[in-house]
Structure formats: C-alpha cells, structure tokens
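**Student:** First, the structure itself, so that you have it in front of you.
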Amino acid sequence: MRVTLKIWRQTNRADKGRFVKYQVGDVNPDMSILECLDVLNEQLIERDEEPVAFEHDCREGICGSCGFMINGVAHGPLPATTVCQLTMRHFKDGAELLLEPWRARAFPIIKDLTVDRRSFDRIIAAGGYISVSTGSAPDGNAIPVPKEAADRAMDAAACIGCGACVAACPNASPALFTGAKIAHLGTLPQGAPERDRRAIHMVAQMTAEGFGGCTNIGECTGVCPKEIPLEVIARMNHDFIWGSWRERDNVVTTMRPFTEWSTGSKFQINEQETD
Amino acid sequence: MELKSRIPSGPIQDKWDKARFDMKLVNPANKRKHSIIVVGSGLAGGSAAATLGELGYKVSCFCFQDSPRRAHSIAAQGGINAAKNYQNDGDSIYRLFYDTVKGGDFRAREANVYRLAQISVQIIDQCVAQGVPFAREYGGTLANRSFGGAQVSRTFYARGQTGQQLLLGAYQALERQVNAGSVTMYPRTEMLDLIVIEGKVRGIVTRNLVTGDIGIHLADAVILGTGGYGNVFYLSTNAKGSNATAIWRAHKRGALFANPCFTQIHPTCIPVSGDYQSKLTLMSESLRNDGRIWVPLKKGDKRPPNQIPEQERDYYLERRYPSFGNLVPRDVASRNAKYVCDEGRGVGETALGVYLDFSDAIRRLGRKTIEERYGNLFDMYQRITDEDPYQVPMRIYPAIHYTMGGLWVDYNLMSTVPGLFVIGEANFSDHGANRLGASALMQGLSDGYFIVPYTVGDYLANNKFPSIDESDPEVRNAVACVQQTIQKLLSINGKRTVDSFHRELGKIVWDYCGMSRNAQGLEHAIERIRELRDEYWQNVKVPGSGADLNQSLEKAGRVADFFELAELMCIDARERNESAGGHFREEYQTADGEAQRDDDHYSYVAAWGYRGYGNYPELSKEPLEFEYVHPAQRSYK
Ligand SMILES: Cc1cc2nc3c(=O)[nH]c(=O)nc-3n(C[C@H](O)[C@H](O)[C@H](O)COP(=O)(O)OP(=O)(O)OC[C@H]3O[C@@H](n4cnc5c(N)ncnc54)[C@H](O)[C@@H]3O)c2cc1C
Ligand code: SF4
Ligand code: FES
C-alpha cells in the first residue's frame, strides 16, 4: 500500500513551522506508523534531506515516549493504542495522514514532532510519591492491602506519561495524568498519610506550569492509550479540596517551570518560588 | 592484570554483614561535599540516585530519554523474584542462591549471588512501602507466581507491567530528591566519555541532545547504570535507544569488559515479518506452560497449520526432552528452534518461525481458561500479526533479550577504574552464563538501593580528592575526543545510512555469535565486522549538524561503538572453548547435542582490557570457586 504523510516540520522553537507533504510507497500493512516514518527517514537521508524528528524508544506501548496527532486525534484512530503499536493496516491504501506534534503551552516544541514534557516530571516531583527513604520499610505483608484497592491503584498506575490527554484537551489540562498519580497512591494505605499534601502540591505545580484547568469535557480519557478513567480527576478534586482546607496554614511552594537546557559544569539549583 | 574481587572472608551468609561493618562511613556533614554522578535512570541508576540523594550526597543523574521514567526497565513484564517464602513452599535465601548459581551454568561468583538472594527480601518491602501496586490475594497479602522453571512460587508481579511499576517507584523516589534539591536530573543528555585523572575517575563528558552542547561534569565518583548491549544485534527486545556507548567508552578508558559473549536469547518472541522491522516483541515465557511447540515433519511444507495432520507434525521438544518437554530452559528451547529452521522446516513467510499451538489446551481447559491466563498476550499477538491465536497457532522465534556480560566489577561493584561503579545490566556480576527469569529486576534494585550506596561511601571515605577544574589536561583531552568523533561522523557524508550499517552488523553477529557459534564462523565474523567498520568510517551518511536535535548523529555514535563491541564479543566467544549457558559452541557438545562445559579450563571470568583499536585485547582471568554449589552437568532429558 501507499500513503501520503503531511508532516509538521519545525526546526526549533524559534522557527514558525509548516506542513510538508511526503509520499511513501511500498508500505507493508504489518508495519507500525513509526516504522513507516523510519522508511521515510531512510529515503530522506538518501536524498540529502533532514529526517523527521519523532520521539520513540520501547516501541511496545509502555515507555510513553512516542505520540503525535494523526488527523487531529492523539495517537491516531485505534483506541487504547500508542502510535508505536498502530499498524498501517488500520489505514486505507492511498490515505492521507496529517501528523502534528502535541500542542500545549506547557509542552514547548523542540523539533518537528518532538516536544518538551519536563513539566510532567515536575508535577511528579511536586508530590507524586510516598516519602519513604530506602531502608525504612516494614515487611511487605505488614500492612494488608485489599485486593480491590490494589487493583484500582494498578488501573491508575498504568499511566505511561505520554501527554496525549493534554494534547486532546481543548484546555490543555493534564488533570487525567495528575489525577492518575493521586488516585494510584491515595488508594493504597501506604499513600494515605500524604494524601492532602500530595494533591495540593501537584495541583499547584500543574497551575504554575501554565497548563489549562479541567472543565470535565472528557476528551482525555478517549485518547488515553491506557484507558485511565475520568474518576481519577474526581479523586484529585476531592483530595485537593479537603487538602486545601486541612493544610490551609501551610505555604505551598512550586518549582520554576524552566524550559532552557542546562549543559553542565555547574550544578543547577531549583529555584523555589512561593505560590 | 590481576583482578581483585575483594570478596570478604568468612561463611557465605556473613560476608555482606562483615563487608558493611568493615566499611568506612562518610560523616553526614561531609556528604554534601561529595558530588556523585549517576548515569542511567533505570531500576539500577534510578534507585541508586534516589538513595544517594536521601543520604545527603550531591547527586547528578543522566538519561538520554526525555524523562527518567522512560528507561528501558519500564518494559519488563513478568516479575521480580524474592526469597520471601510467603507461600510456605520451601523457598529460602539459600534456595534462590542455589537456583541462580546453577541457572547461570556455574559461571557466576557465589558471594555476589548469595548477597543478591539476601537483599531480595528487602527489595519487596521497599517497593511495597513506595506504593508499587503488586498483585494481592483477597486477604490483602502479596500474591506470587512461579516463573522460569523454578519449583517454588517466588515471583512478585504487578499485572503484566512489573518493570513499569518498579521503575515508577524508583522514579518517584528520584523526583522527590530532585524537589529536595539533592539530585539534579539531566534528561536528554548522553554521556560520551569518562574523565580519569591520576588513576581515578573524576567525571564525564556529555552532549545535550537538544542543543548539542558538550558539557563537563566533575565528581568524586561515577556510577554507570546504563543497561545492556543487546542492540548490537540490531533486532532485539530492547528499546531502540538502548546502547553500549557509556560502558564502551569507559572500557576504552581502562575498565575491563567481562564475558561479552554471554548473551541471552529468549525463545518466545514474535518472528520478524519484513526488512522494515525495527525491533522484536517478547511474548511472556509463561505461554510455554500450556502451548505445544511444533514444526512440520517435512521440509518446506507450506500447508496452513490446521491442514497438517497430527502424524505429520514434529513436537520436537517433547520428542527430544521427554521429561521437561516444552518447558526446557530458554537456551535449550531457542537452540532447538534454530535447528529445525536450519533444516528447512521453519514456518511462516520467512521460514524463520515455529508454531506454538494452544488447540490442545483450549480443548482440554476451555477457551475461557486460556483467555483468563493469557488473554492480554493473545491480544498483543493479534494486534501485531493480525492473526487470531485462538484459531491458528502462534508463530514464535527466538530473539536476543538480555546480556549477562558487562563491565567487570569487584564485590563492591567497582570496576577496574577506581571510583567507577557499574550496576544493573551494565555490569557482568550475578547471572553467569545464563540469567533466570525475574532476576534482572531484582539485581538492578539490589545494586541500586542496597549495595552501591554503601560501597561508594566506603570509597569516598578512603580516598582524597584534590580539587580539579575544567582546565585540567585530561578534561580537555576527553572533550576533544568527543568533539572529534562527532565532527568526523558528520563530515564523512558517504552513501549509506547508519541504520543500514547497523542492520548488516546485527545480521553478522546474529548469524555467527548468536544461538550457536563455532571457531571458524567466529573468525569469519571478526573479519566481516572489521571490513564493515572500515566501510562505516568512510561511507556513512549522517545528515544535519551537531548543534541541535539530531537523532541520526546519536545513532551514529552508538553504532560506532557497537562495531567494536561486536568484535570483542566474537573474540571472547572464540576464546572460550566450551559451551556454557547462552554460549553454545558447536564443537563442545555432549553426544546427544547438549552444551558441554569445561570446568577444568574455563571456570573463570574472562575480563578483557582495551589496547587500542586493531590490537588484540588483553585477557585477564578471575578464577571462580564453588564452595557451596557444586558444578554439575545440566540435564533436561
Ligand atoms: C522486553 C523485556 C522484558 C523483560 N522482562 C523482565 C522480567 O520480567 N523480569 C526481570 O527480572 N527482567 C526482565 N527483563 C530484563 C530487565 O528489564 C533489564 O535487565 C533491567 O531492567 C535493566 O535495568 P538497568 O537499570 O540496568 O538498565 P535500563 O533500564 O536499560 O536503564 C538504562 C538507563 O541508562 C541510560 N543511558 C544509557 N546510556 C546512556 C548514556 N550514554 N548516557 C546517558 N544515559 C544513558 C538510559 O537513558 C536509561 O535511563 C526484561 C527485559 C526486556 C527487554
Ligand atoms: S493519563 Fe493516559 S494519555 Fe495522559 S499521560 Fe497518562 S497514559 Fe498518557
Ligand atoms: S515507543 Fe514506547 S510507548 Fe511508544
């Protein structure tokens, strides 16, 4: 089969960017769309053109590296599937596919289909953990965890941090991503002591990053490759409200949402700002 | 070179306690003054960086992905072993130790393996406390399953995503330290050289993959947790970015490379379907519990499997290994698949595949049971191949999966370069010639959470670190080397892409240094690799510049290192005149075709020293002694 790919090309953040059309013949229906891009890139290199920069690593749908919009849908048309697992047999012979990067203020474009998602790391750093240092843990069976709690926690913990939820959301809200972590940890007895703090810190960081707010549209869960349910957002809001009340005497600090890259020689200090 | 393994004296069960007691401690007030570099944010690197940060050291952590959470550990499916004996089925630290030494075909260090088994217990506790959602029983206790032929049920798991959940636990601990200011994370940053000053490691040279800037990072100790080198083969179950650059460049700066030819081939992967193929997908080994493996009796039989009558099928594993049947260990199952395909009896379009058939199991247990047991795997198979395994037998073929070899380390996980520690799959330490299922995750976390934080402290407390800066000639030299390599790769402007070379290299290594090897083939491979490498440096085409995101340039540097490593693998395989675990030399097999070790001559770790490209590397041997588990011939008949 053959396809036409209209791909967003942008050299760097300063560049304005544009769509460029490419024909790819000889497409094997068994290849993934990333392998189709590999084939295109080999051809571009041979023609002395720059290959398309796109992110990928595991190619098994688990690392969360890959992701772009295909004809306006994050990760393309197949439910619960990342682009690395999306095979070409799901498209018609001769199809025209429009590929563009995640678009959100908090995900600045690096090049072509590649964006900077470090804002997600900072949301986790703000509170997406259980504060237990190595060596201080009790026996694994000391605190029983009901099977249902473990199962629900696992449902939420399956998030791969790809960012499709943000890309699909008209407000560019990461509520599904943040909610997934809050629901995962908060559902387990081990994570209960920090529930309030976790929610208010993660939400504060989310706001500091310049993401939009959630207005319950639900596009996110529709494109999520791990089918994270909307309930996690309700859970986030619940924990946030209770947390804000109980912790109202405490100051919440956030990290600076930096977009520059540090190269070394010196240690970079996280600037702490008060929100 | 004399290798000092620094194994503590005394009974095996007391060695680690003794070692920890003998270690010097760093005064808490001084910890902040020591900077430590951790390269890698997988289970090994991530857990080490987080723990060192908690202890108060000044840590910088590096990974080439855009986030530390994406390290390849994320892809591990099956589970993690621990000698908890929660099932009361006779497991113990000693049994896990025994199984691992035997599974490694008696080519691992006993003291290290024993320590691994001891620590396994603490790992589970730590991970549970971090919120890893392990599978549970209705009563709320942890669930287990059996894995990889073990007779006890000691594998802990989180659905089919154990690696993901363990890594997220380590990642969250790491991000907590980033927030606390004790760890600085450098994502999208690749280590390209090691800085060694006056015989001690003092830092690394990096390239920022977005800006192309070359950076210098100085420290008092460097820890590499950069994963395995399976991608030498081009097609493997590793992630596309997995590479050997960090360990190879450290090797060139003096770290010995141990047992490079010990690589593991996993029997149940989805076969290659075309030239465009970029990677191979693993199907869990558990499928062999209920699936039956067969090929047609006749050569070149192209009939669809359902039309081949029972008496014209060869269930070759059941025929050759009546007592273990389809459950023989990974290396045996893989090798036999190769044999039947070499005979021309392989199936599928490429004829490189064998059937894994569930029709008997479906008949016996019903479709529902099979769905419950393997539903997600069947779905994955169908998604990739567009075939329904409930109706037609799956096609599987072996693929490279794990590398037991790696940088040589002593009991303290320090390489032959003082101050350079190596953890996780990047080192050679615990799995000998063959790794058992569910034990890599255990090793990575054991190294990172519980071993290296102590042993690095001991090193720091015992050494002095004169102050250095970027103007040091060794620093300049390392930076110049990195810049030259990049410039050279960009300037060749030849005719062939990096991937086309990598594919060809992978094919050579797979054909001659894969599932079975022989001296003549290895000689041939070494010659072919050299020729191809020469061509590479004259004819590779790397587009773009070094001053921005350039994925071709990243690959080009990694493939350059794979060439040299591939040659060393072949040299090591040719030098080891015996068969052991994943290393099967056709000349050394028993009368009935099984691997034959030669304990009298090869009971050692082969550690290779770099002597400049084109010069034969220097071999140092660390003899292995087995005081507790006595070497015996493995038999699965
Ligand atoms: C498909 C699959 C399934 C598996 N299933 C299991 C299982 O069920 N049980 C089990 O025990 N084991 C399993 N394994 C093996 C196990 O997952 C790995 O051995 C283990 O996770 C390796 O961890 P690591 O921390 O050593 O390396 P990795 O997780 O590979 O991490 C390497 C890190 O180093 C960084 N890095 C590498 N090079 C550089 C560089 N030059 N500069 C900067 N950073 C660099 C990377 O960015 C990454 O952060 C599986 C492996 C695969 C491939
Ligand atoms: S919630 Fe879903 S879409 Fe959002 S980052 Fe996680 S996996 Fe991706
Ligand atoms: S490449 Fe890892 S999820 Fe797609």
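**Student:** Of B:W537, A:W102, which has the most accessible area with a 1.4 Å probe, and how do the rest follow in descending order?
**Tutor:** Listed by decreasing accessible area, they come as B:W537, A:W102.
**Student:** Suppose each label sits 7 Å from its Cα in the direction of the beta carbon; what would the B:D386-B:M23 distance come out to in nanometres?
**Tutor:** Simple spin-label model gives 5.5 nm for this pair.
**Student:** Now for a different question. Return the lysines within reach of B:K637: Cα separation strictly under 28 angstrom, same-chain partners fewer than 8 residues apart disregarded; answer none if there are no such residues.
**Tutor:** B:K102, B:K298, B:K299, B:K338
**Student:** How long is the gain from B:Y628 to B:Q538 if the chain were fully straight, where each residue apart is worth 0.36 nm and the alpha carbon distance is subtracted?
**Tutor:** Length gained, B:Y628 through B:Q538: 27.1 nm.
**Student:** If I model a spin label at B:N30 and A:V251 as a point 7 Å from the Cα along the Cα→Cβ vector, what separation in nanometres do I get?
**Tutor:** Rounded to a tenth, the inter-label distance reads 3.5 nm.
**Student:** So, one more: Using a Förster distance of 30 Å, how high is the FRET efficiency between B:K637 and B:Q13, based on the Cβ-Cβ distance and rounded to 0.05?
**Tutor:** So, using R0 = 30 Å, E works out to roughly 0.30.
**Student:** Using just the helices of chain A, give the 222 nm mean residue ellipticity in deg cm²/dmol: DSSP H runs with n ≥ 4 each add -39,500 (n - 2.57), and the total is spread over all residues, rounded to 500.
**Tutor:** That comes out to -9500 deg cm²/dmol.
**Student:** Now, a different point. For region B:473-606, what value does the Rg/Rh ratio take when both radii are computed over Cα atoms and Rh is the Kirkwood radius, given to two decimals?
**Tutor:** Result for region B:473-606 is an Rg/Rh of 1.11.
**Student:** To continue, here is another question. Nearest 10 degrees, 0 to 90: what angle lies between the long axis of helix B:93-103 and the longest principal axis of chain B (Cα atoms)?
**Tutor:** For helix B:93-103, the angle is close to 70 degrees.
**Student:** Continuing with this model, one more query. As a test of the definition: with a 1.4 Å probe, what buried accessible area, both sides summed, do you compute for A against B, in Å² to the nearest 100?
**Tutor:** Protein heavy atoms only, the A-B interface buries about 7200 Å².
**Student:** Go from 0 up to the bin containing the longest alpha carbon distance in region B:342-418, width 5 Å each, and give me the % of pairs per bin.
**Tutor:** Here the calculated profile for region B:342-418 is 3, 12, 17, 16, 11, 10, 7, 5, 8, 8, 3, 1, 0.
**Student:** Could I ask something else about it? Test of understanding: in a Gaussian network model of chain A with alpha carbons linked when under 10 Å, which of A:G161, A:G76, A:G218 would top the mean-square fluctuation ranking?
**Tutor:** Result for chain A, Cα springs under 10 Å: A:G218 fluctuates most.
**Student:** On to the next question. Beta carbons within 10 angstrom, averaged per residue: use that to sort the peptides B:618-627, A:110-119, highest first. Write down the numbers at each step before the final one.
**Tutor:** Details: B:618-627: 13.8, A:110-119: 23.8.
Put in order of decreasing packing, that is A:110-119, B:618-627.
**Student:** So what is the relative contact order for chain B, in percent, with contacts set as C-alpha pairs under 8 Å and at least six apart?
**Tutor:** The value is 20 percent.
**Student:** Would you mind giving the three semi-axes, in whole Å and largest first, of the ellipsoid equivalent to the protein assembly as shown according to its Cα gyration tensor?
**Tutor:** Result for the protein assembly as shown: semi-axes of 37, 33, 31 Å.
**Student:** While we're here: Taking region B:267-400 on its own, what percent of its Cα-Cα pair distances exceed 21 Å?
**Tutor:** 37 percent
**Student:** Something else about it: Residues of region B:34-59 with the amide nitrogen closer than 11 Å to a label point 7 Å from the Cα of B:A180, along Cα-to-Cβ, please.
**Tutor:** Residues B:50-57 qualify, since their backbone N sits under 11 Å from the label point.
**Student:** First select every other residue whose beta carbon is under 10 angstrom from the beta carbon of B:L167; then total the charges, Lys and Arg +1, Asp and Glu -1.
**Tutor:** With Lys, Arg at +1 and Asp, Glu at -1, the net is +2.
**Student:** Then there is this: Using the Kirkwood radius over Cα pairs, work out the Stokes-Einstein diffusion coefficient for chain B at 10 °C and 1.306 mPa s, in µm²/s as a whole number.
**Tutor:** 63 µm²/s
**Student:** Still on this structure, please answer the following. Hey, with R₀ at 60 Å, roughly what FRET efficiency would B:L619 and A:E260 work out to, going by the Cβ-Cβ distance, to 0.05?
**Tutor:** That gives a FRET efficiency of 0.80.
**Student:** Additional query: Can you list the aspartates and glutamates whose alpha carbon sits under 20 Å from that of A:K147, skipping same-chain ones fewer than 8 residues off?
**Tutor:** A:D139, A:D155, A:E231, B:D125, B:E137, B:E372
**Student:** Looking at the P(r) of region A:117-246, how many percent of alpha-carbon pairs lie beyond 17 Å?
**Tutor:** Values: 4725 of 8385 pairs.
Percentage above 17 Å: 56.
**Student:** In addition: Within region A:193-220, which residues have the backbone N less than 15 Å from the label spot 7 Å out from A:S244 along Cα→beta-carbon, could you tell me?
**Tutor:** Backbone N within reach: A:196-208, A:213-215.
**Student:** Treating each Cα of region A:3-111 as an identical point scatterer and ignoring solvent, apply the Debye formula and state log10 I(q)/I(0) at q = 0.22 Å⁻¹.
**Tutor:** -1.41
**Student:** Then there is this: Give the accessible area for B:H34 in Å² (nearest 10); use a 1.4 Å probe, count only protein heavy atoms, and leave out ligands, DNA and RNA.
**Tutor:** Its accessible surface works out to 30 Å², give or take rounding.
**Student:** How far is the Cα center of region B:92-115 from the Cα center of region B:161-179, in Å?
**Tutor:** 28 Å
**Student:** Please find the FRET efficiency linking B:R303 to B:D342, where r is the Cβ-Cβ separation and R0 is fixed at 22 Å, and quote it to the nearest 0.05.
**Tutor:** Efficiency for this residue pair is about 0.60.
**Student:** Please report, as a whole percent, how much of the solvent-accessible surface of chain B comes from carbon and sulfur atoms (probe radius 1.4 Å).
**Tutor:** Reported share for carbon and sulfur atoms: 48 percent.
**Student:** At B:D213 and B:T590, where each label point lies 7 Å from the Cα along Cα→Cβ, what is the point-to-point distance in nanometres?
**Tutor:** 6.1 nm
**Student:** Loop only per DSSP, at most 16 neighbouring Cβ atoms within 10 Å: give me the trypsin sites (Lys or Arg not before Pro) in region B:1-37, ordered by residue number.
**Tutor:** Of the trypsin sites (Lys or Arg not before Pro), the ones in loops of region B:1-37 whose Cβ has at most 16 other Cβ atoms within 10 Å are B:K4, B:R6, B:K24, B:R32, B:K33.
**Student:** At 1.4 Å probe size, with no ligands or nucleic acids counted, give the accessible surface of B:V272 in Å², nearest ten.
**Tutor:** Its accessible surface works out to 60 Å², give or take rounding.
**Student:** Then there is this: What does the accessible area of B:R319 come to, in Å² to the nearest 10, when a probe of 1.4 Å is used?
**Tutor:** 140 Å²
**Student:** Going by accessible area, probe 1.4 Å, with all protein chains left in place, what is the ranking of B:H401, B:H251, A:H90, B:H630, largest first?
**Tutor:** B:H630, A:H90, B:H401, B:H251
**Student:** Right, here's the next one. Leaving out ligands and nucleic acids, and using a 1.4 Å probe, what accessible area per residue does region A:3-111 come to in Å²?
**Tutor:** It amounts to 38 Å² per residue over region A:3-111.
**Student:** Within a Cβ distance under 12 Å of B:R154, other residues only, what is the Lys/Arg minus Asp/Glu net charge?
**Tutor:** 0
**Student:** If DNA, RNA and ligands are ignored and the probe is 1.4 Å, what is the ranking of B:Y454, B:Y171 by accessible area, most exposed first?
**Tutor:** Largest to smallest exposure gives the sequence B:Y454, B:Y171.
**Student:** For a paramagnetic label modelled at 7 Å from the Cα of B:Y98 toward its Cβ, which residues of region B:120-163 fall within the zone defined by backbone nitrogen distances under 12 Å?
**Tutor:** The answer is B:151-152.
**Student:** Sticking with this one: Which of the lysines could be linked to A:K16 by a straight reach, that is with a Cα gap under 17 Å, when you skip same-chain ones fewer than 8 residues away?
**Tutor:** Within the straight-line cut-off, A:K16 pairs with A:K6, A:K111.
**Student:** Could you work out how far helix B:452-462 tilts from the main Cα principal axis of chain B, as a 0 to 90 degree angle to the nearest 10?
**Tutor:** 30 degrees
**Student:** Another one. Using the structure shown, list the pairs from B:K24/B:K621; B:K24/B:K464; B:K464/B:K621; B:K200/B:K252; B:K4/B:K621 with a Cα-Cα distance above 20 Å, or answer none.
**Tutor:** Violating the 20 Å Cα-Cα cut-off are B:K24/B:K621; B:K464/B:K621.
The values are calculated or read from the model by the stated rules, or taken from the named source; none is laboratory data. Because the structure is a prediction, the values reported are computed rather than measured. When we count neighbours, we look across all protein chains shown, and the Cβ atoms used for this are built from the backbone with ideal geometry, even at glycine. To get the accessible areas, we keep the full protein, side chains included, count just its heavy atoms, and leave off ligands, DNA and RNA. Shrake-Rupley method; radii C 1.70, N 1.55, O 1.52, S 1.80 Å.
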